[in-house]
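Take a look at the structure set out below.
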Amino acid sequence: MLEHLLETRLGGQAGPNDPFLDDFLLTHIVFMPTPLLIDELAANYHADADIDLRQASEEDQEYFLTSKRRVVQFIQRWVLAVRHAVFDDPLAVEFIEELATDVEAEPALQEEASIIHHVLTQLSRYQEDRQMNATQKWKLPPNGQPICLFSGNTHSKTVIRPDDDIIFRVYCADHTYCTLRFPMATTAEVIKACAADKLQIARLPEDLLLVEVKSSGERVVFKDNDVSLPTALSLNGRIFVSPKDHLDALTPLPEQELPTDAPDVDFEALSTKDVAYHMTLFDWDLFWAVHEYELLYHTFGRHHFNKITSNLDVFIRRFNEIQYWVVTEIVSTTNLTKRMSLVKKFIKLAAFCKEYQNLNAFFAIVMGLSNTAVSRLSMTWDKLPSKFRKLFTEYEALIDPSRNHRAYRMSVGKLQPPVIPFMPLLLKDMTFAHEGNKTSLDGLVNFEKMHMMAQTMRAVRFCRSRHLVLDPPSPKNENEIRNYIRCFRTIDNQRVLNSMSQKVEPRRS
């Protein structure tokens, strides 16, 4: 397969945007893990290893040189397509460095020597950057708020890495807990054993389960080989360790039904455009940190690759956080006029997010306003000026899921980057492609499936193919707004939200 690709898609055989080569580069980890790919590349590069080139024909010598050129060009395209994922793999780095030595020793490969030198420069810069941010430390606060993980440099795009440490809590049935610190890539099995030891649960590891207990009381059991668990929790979720036969004893903590901790700021007093601006900058940094491979890990299962999806997890949870923040703020407001004013402000906020092409936040806000706990507040909506009711109706039509989100797809198809896309729909597309198509057919890789998945991954790449540059608003309240938008006050238990909604506007008899 790789040999066919090298012969037909490299050395000027195909255009720079050839989808087949790009499909392979974006999805090879599914069907050809990197160690196997490196072995195949090395075999192609060293095809002349057992041959005395002095006795080889001119045609054979040219064939071997062409093979070497194509391998170097493949490396160049590989790095261009998946960036730091190549440099994060020790085998790939070792191969690139060995390749550079071989290429530089070959007088006929001067152009390729220049290519590989450029790749080495990129590698060196990346390694220097990694060294500056080596083994970052994160903290998952007790309220499980993902945005509060970013407690270091608030002005740079911070990527969560597998060897980064995270501090988090693990609870048992009586709500006592232990605090643990582990690398992100630590498996549930290791966390389970350590938590049980610290909490003095006298059971064998195979008799224990590691579980997320959501604020609704729902329990989600982690597989032993699951990784990046702390970032995979729902908004108000907690990690519990429990004997298998005591699973029914696990209940949410009392504070899980309360709003998450957030800065004490009067949202009404803040400029709506300023809030949208800072939300977009923050959301862009979260989106920027997500590697396209994380979509594959999420779709096929992290445990198949032993890779984390923490950056994607945090971005997905940001969507849920914004959505439930909207609902929480509205149903917490008892005064009818203030509540109507708040709904109006959220519609304005959605408009500014749409203007900034922050479609993830736009969707989250509109879905929050469409939540049953908000949509049932007829007195509030009746009081809303018709201009805003009409605008909200237009926004609801845009997020209408009918005909596979046709309205949204047509709208986003007209936009130019930078765009912060509606991530749940991209993940739905990945899942649809995965579950509706076999990965292999008659022992051969199903490249139609790989193409479908690569299309979604290319959409992510396209959205951030230009840097986000926005005209800054007034510097008034800048720090206050920046702190506010990083950590919203949220309740994600629908039953609690419905109850609060009934209290502010009781059902008419």
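Identify, from the list Thr158, Thr176, Thr186, Thr121, the residue that is among the hydroxyl-bearing types (Ser, Thr, Tyr), out of contact with any Lys or Arg (no Cβ under 7 Å at 6 or more places or on another chain) and at pLDDT below 85.
Thr158
Kindly provide the set of residues from region 252-303 that are over 27 Å from Lys354 (Cα atoms), modelled with pLDDT under 95 and surrounded by 21 or more Cβ atoms within 10 Å (Cβ to Cβ), ordered by number.
Across region 252-303, the qualifying residues are Gln256, Arg302.
I'm told Glu212 meets every condition in (1) of a type in the set (Asp, Glu); (2) closer than 23 Å to Asp165 by Cα; (3) surrounded by fewer than 19 Cβ atoms within 10 Å (Cβ to Cβ) except one. Can you identify the failing condition by its number?
Of (1) of a type in the set (Asp, Glu); (2) closer than 23 Å to Asp165 by Cα; (3) surrounded by fewer than 19 Cβ atoms within 10 Å (Cβ to Cβ), only one is false for Glu212: (3).
Any residue in region 463-486 that's over 17 Å from Pro263 (Cβ atoms) and touching a residue at least 24 places away in the same chain (Cβ under 8 Å): show its pairings with residues that are assigned to a loop (DSSP other than H, G, I, E, B) and of a type in the set (Val, Ile, Thr) at Cβ separation under 7 Å, as long as the two are six or more apart or on different chains.
Cys463/Val419
Considering only region 343-383, state which residues are touching a strand residue (DSSP E or B) at 6+ places or on another chain (Cβ under 9 Å) and not in a helix (DSSP H, G or I).
Result: Tyr356, Gln357, Asn358.
Do you know which of the residues in region 40-76 that are among the aromatic types (Phe, Trp, Tyr) and touching a residue at least 24 places away in the same chain (Cβ under 8 Å) is farthest from Asp102 (Cα to Cα)?
The residue in question is Phe74.
Among the listed residues Glu448, Glu480, which satisfies the condition of being assigned by TED's automatic domain parsing to the domain that holds Cys353, acidic (Asp, Glu) and either buried (at least 17 other Cβ atoms within 10 Å of the Cβ) or within 26 Å of Arg339 (Cβ to Cβ) (or both)?
None of the other options fit; the residue is Glu480.
Can you tell me which residues in region 315-336 are touching a Ser or Thr at 6+ places or on another chain (Cβ under 6 Å) and not acidic (Asp, Glu)?
Within region 315-336, Tyr324, Trp325, Thr328, Val331 meet the criteria.
Name every residue in region 364-384 that is touching an Asp or Glu at 6+ places or on another chain (Cβ under 8 Å) and free of Cβ contacts under 8 Å to residues at least 40 places away in the same chain, in order of residue number.
Val366, Ser370 - these are the residues of region 364-384 that are touching an Asp or Glu at 6+ places or on another chain (Cβ under 8 Å) and free of Cβ contacts under 8 Å to residues at least 40 places away in the same chain.
Based on what the data block shows, is Asp429 among the charged types (D, E, K, R) and modelled with pLDDT under 95?
No: the conditions fail for Asp429.
Please find, within region 202-220, the residue that is nearest to Asp492 (Cα to Cα) out of those that are among the acidic types (Asp, Glu) and not in a helix (DSSP H, G or I).
The extreme case among them is Glu218.
Go through region 303-340 and report how many residues are hydroxyl-bearing (Ser, Thr, Tyr) and either farther than 27 Å from Glu257 by Cβ or not in a helix (DSSP H, G or I) (or both).
Count: 5.
The values are calculated or read from the model by the stated rules, or taken from the named source; none is laboratory data. Computed from a predicted model, the values in this text were never measured in an experiment. Every residue, glycine as well, gets a Cβ built from its backbone with ideal geometry; the counts of neighbours run over all protein chains shown.
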